[in-house]
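Colleague: For reference, the structure I am asking about is given below.
No value in this document is a laboratory result; all are computed from the given coordinates. These numbers come from a predicted model, not from an experiment. Cβ sites come from the backbone with ideal geometry, for glycine too, and all protein chains shown count toward neighbours.
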């Protein structure tokens, strides 16, 4: 078993990655912080960061292993940390968020690669060995280490009450196969620009804002037949169209109006 691996269903945009700090700049409003540029993003970190050194980069909107955050005393609640007298800034969910520190946004989180080496040795009794630049992974020693943050479903009680009041109403599914396609997962440009792009590749560049995906399409859908139309079809074989063009509204992964 390899120590650092990428699981079969991992989202490539939310993997941890071994990176080199490209540039270090002083924080304009904080003497004890610096701005580190990694993978095209600015991450605010401590004064001990050095350009050219290897770090583990955690992208925005990922969730970091509870075991690692506790071991590294990174929670803001000291009761969750191995050292109950030490705390940092992570909430109990371990989510990496864009945070503003002294008027500058930090877009991700980094730790020295040595922290990962020590974690693997102390927690799993394994030797990490060489960790080349651009190594991406979501599992450590077979355990999930980082994954995409999924917001909890809100207002579940209200939804249950609404369903209860309506009784067991069977929804009509108007989706015709092959008429609607969700957007596929796309790789973040920063992860592939130096390793996978070639001069003769054809590319399209777009900008994605979190939570902004909305799809409206005018496509062929099933039409809900009336009672008498069903009788005419069943008893007399009358040919009545059961499809028509209609609007489908969808988010990134869910059709909302079926």
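Colleague: What do you get for the angle between helix 113-124 and the principal long axis of the chain? Use alpha-carbon atoms, 0 to 90 degrees, nearest ten.
Modeller: 80
Colleague: By how many nm would the segment from residue 171 to residue 11 lengthen if fully extended, with 0.36 nm per residue of separation less the alpha-carbon distance?
Modeller: 54.4 nm
Colleague: Starting from the Cα-Cα distance between residue 240 and residue 50, subtract it from 0.36 nm times their residue separation and give me the gain in nm to one decimal.
Modeller: Difference between extended and current length: 61.2 nm.
Colleague: Could you give the length gained by full extension between residue 252 and residue 222, i.e. 0.36 nm per residue of separation minus their alpha carbon distance, to one decimal place?
Modeller: Separation in residues times 0.36 nm, less the Cα-Cα distance, equals 8.6 nm.
Colleague: Further, regarding this structure: When the Kirkwood radius is taken over all Cα pairs of segment 4-148, what Stokes-Einstein diffusion coefficient follows at 20 °C and 1.002 mPa s, in µm²/s?
Modeller: 137
Colleague: For a protection proxy built on the mean count of beta-carbon atoms within 10 angstrom, sort 137-144, 59-66, 218-225 highest first, please.
Modeller: 59-66, 137-144, 218-225
Colleague: What order, most packed first, do the peptides 100-106, 67-73 have when packing is the mean number of other Cβ atoms within 10 Å of each residue?
Modeller: So the order, starting with the most tightly packed, is 67-73, 100-106.
Colleague: Between residue 149 and residue 99, what is the label-to-label distance in nm when each label sits 7 Å out along the Cα-to-Cβ direction?
Modeller: If labels sit at residue 149 and residue 99, their model points lie 1.1 nm apart.
Colleague: Also, I was wondering about something else. Under a plain spin-label model, where a point goes 7 Å from the Cα along Cα-to-Cβ, how far apart in nm are residue 198 and residue 114?
Modeller: 4.1
Colleague: With an 8 Å Cα cut-off and a minimum separation of 6 or more residues, compute the relative contact order for segment 4-148 in percent.
Modeller: 32
Colleague: Using the alpha carbon gyration tensor of segment 77-152, what are the three equivalent-ellipsoid semi-axes (square root of 5 times each eigenvalue), largest first, in whole Å?
Modeller: Ellipsoid half-lengths, sorted descending, are 24, 18, 14 Å.
Colleague: Work out, in µm²/s and without decimals, the Stokes-Einstein translational diffusion coefficient of the chain at 25 °C, 0.890 mPa s, Rh from Kirkwood over C-alpha pairs.
Modeller: Roughly 109 µm²/s, to the nearest whole number.
Colleague: Less than 19 Å from a label point 7 Å out along the Cα-to-Cβ axis of residue 29: which backbone N atoms in segment 85-128 qualify, by residue?
Modeller: Only 97-108 fall inside the zone, counting backbone N under 19 Å.
Colleague: Ranked highest first by average number of other Cβ atoms within 10 Å, how do 117-123, 85-91 line up?
Modeller: Descending packing order for the listed peptides: 117-123, 85-91.
Colleague: I would also like to ask the following. Once Rh is set to the Kirkwood radius over Cα pairs, what Stokes-Einstein translational diffusion coefficient, in µm²/s, holds for segment 36-94 at a temperature of 4 °C and a viscosity of 1.567 mPa s?
Modeller: 102
Colleague: In degrees, nearest 10, range 0 to 90: what is the angle between the Cα axis of helix 227-236 and the longest Cα principal axis of the chain?
Modeller: 60
Colleague: Compute the helix-to-body angle for 156-166: its Cα long axis versus the longest principal axis of the chain, expressed 0 to 90° and rounded to tens.
Modeller: 10
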